[in-house]
Amino acid sequence: MSIIKKKEDLKTLVETLNFKEKVERSKRLIKEAYKTYGDSLVVANSLGKDSVAVWDLVKRVDPNIRGFIVTTRYKPLETVAFMNETVVQYPELRVYKNDAEIAEDLYKTDPDKCCDILKVEPVRRAIKEMGVKCWVTGLRCTEGRTRTDFKEIEERDKGLIKLNPILIWKEREVWQYLALYGVKVNPLYGKGYRSLGCSTCTKISTGDNERDGRWVGTSKCGGECGIHTRPLKEEKKA
Ligand code: SF4
């Protein structure tokens, strides 16, 4: 039976599947979705540890699978250097950025709006320009308070399928995969970061929640930039 059609309890899968079974399941999910969507299956690569694990998995399924990276003017220098290296190695990764003029302190006064302009808008553009019908993400349901109600395959926007192939992996299993397959990661992890974002809004944290270092001191703390919560298909103008 197709793994995509099976109805299984995610929490049980998180706790009962071993590392090897999770890796095999992720590859099967990607393989099945790629068979269905072909070139309109595209990976959103944020360059974080989860994304580079997913990118490595998809390349093992089929080296032709394409992807996109969204960057902003506030990304740390290490992330920009890592991005530049990555796109040289994988020219099938397109980079999207929004250079629109915004207030200098928008990330402080209205971080939701800032993320909407600098992160969500380029994702919408990538989805439109690359003809995406199925986008692949590195979401994990154990990553934080905002990530518990996702499914491995879902349709949050009508006509746009979202595949979360490592949804049931734990943080430790991501690192296990990256170490085992020698996947290169952003050097910021070596400085102590557990979750990466714009330099203005990301701190090294020691809290229990993996995303505790994101948007510290704002109502968005430990939360989301919006690409997993806001509509991504072109919104019709009133
Ligand atoms: S993470 Fe901060 S700087 Fe980056 S887009 Fe969001 S609010 Fe703006």
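The values are calculated or read from the model by the stated rules, or taken from the named source; none is laboratory data. Not measured: the values here are computed from a predicted model. As a convention, Cβ positions derive from the backbone with ideal geometry for all residues, glycine included, and neighbour counts pool all protein chains shown. All accessible areas refer to the heavy atoms of the entire protein, side chains included, with ligands and DNA or RNA removed. Shrake-Rupley method; radii C 1.70, N 1.55, O 1.52, S 1.80 Å.
Residues that are acidic (D, E), buried (at least 16 other Cβ atoms within 10 Å of the Cβ) and closer than 30 Å to L118 by Cβ: does region 68-84 have at least one? Full working, then the answer.
In the first step, residues of region 68-84 are kept if they are acidic (D, E); the result is 78.
Then drop every residue that is not buried (at least 16 other Cβ atoms within 10 Å of the Cβ), which leaves 78.
Then keep just the ones that are closer than 30 Å to L118 by Cβ; that gives 78.
Within region 68-84, one or more residues are acidic (D, E), buried (at least 16 other Cβ atoms within 10 Å of the Cβ) and closer than 30 Å to L118 by Cβ.
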**region 177-215, residues that are of a type in the set (A, V, I, L, M) and in contact with a Gly (Cβ under 9 Å, 6 or more places away or on another chain)** = V185, L196, I204
**Complete:** Reported set for region 167-213 where residues are closer than 21 Å to T79 by Cβ, modelled with pLDDT of 95 or more and among the aromatic types (F, W, Y) is W175, Y177, Y189
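Does S46 satisfy the condition of being closer than 16 Å to N164 by Cα, among the hydroxyl-bearing types (S, T, Y) and open to solvent by less than 30 Å² (accessible area, probe 1.4 Å)?
Details: closer than 16 Å to N164 by Cα: yes; among the hydroxyl-bearing types (S, T, Y): yes; open to solvent by less than 30 Å² (accessible area, probe 1.4 Å): no.
No.
Before we move on, is K237 farther than 30 Å from S2 by Cα, modelled with pLDDT of 95 or more, part of a loop (DSSP other than H, G, I, E, B) and among the basic types (K, R)?
no
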**Prompt:** Do you know which residues across region 5-16 are farther than 30 Å from L188 by Cα and surrounded by 15 or more Cβ atoms within 10 Å (Cβ to Cβ)?
**Reply:** L10, L13
**Message:** Tell me yes or no: at least one residue of region 145-156 is without any contact (Cβ under 8 Å) to a residue 60 or more places away in the chain, under 26 Å from A81 (Cα atoms) and open to solvent by 10 Å² or more (accessible area, probe 1.4 Å).
**Reply:** no
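Where residues in region 95-133 are hydrophobic (A, V, I, L, M, F, W, C) and more than 10 Å from the ligand (Cβ to nearest atom), which of them is farthest from the chain's Cα centre (by Cα)?
Filtering region 95-133 for residues hydrophobic (A, V, I, L, M, F, W, C) gives 95, 100, 102-103, 106, 114-115, 117-118, 120, 123, 126-127, 130, 132.
Right, trim to more than 10 Å from the ligand (Cβ to nearest atom) and you get 95, 100, 103, 123, 126-127, 130, 132.
Details: V95: 14, A100: 23, A103: 27, V123: 11, A126: 14, I127: 14, M130: 17, V132: 15 Å.
Only one residue fits best here, namely A103.
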**Message:** Scan region 87-94 and tell me whether some residue there is modelled with pLDDT under 95, of a type in the set (A, V, I, L, M) and under 21 Å from L47 (Cα atoms).
**Reply:** no
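I'd like to know if region 38-46 contains one or more residues that are β-branched (V, I, T), away from the ligand (no atom under 16 Å from the Cβ) and closer than 30 Å to L180 by Cα.
Here is the first cut: in region 38-46, the ones β-branched (V, I, T) are 42-43.
So of that shortlist, the ones also away from the ligand (no atom under 16 Å from the Cβ) come out as 42-43.
Checking the rest, the ones that are also closer than 30 Å to L180 by Cα come to 42-43.
Scanning region 38-46 turns up at least one residue that is β-branched (V, I, T), away from the ligand (no atom under 16 Å from the Cβ) and closer than 30 Å to L180 by Cα.
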**Request:** Filter region 49-66 for residues that are surrounded by 15 or more Cβ atoms within 10 Å (Cβ to Cβ), over 17 Å from V185 (Cα atoms) and in contact with an Asp or Glu (Cβ under 8 Å, 6 or more places away or on another chain) and give the result.
**Result:** I65, R66
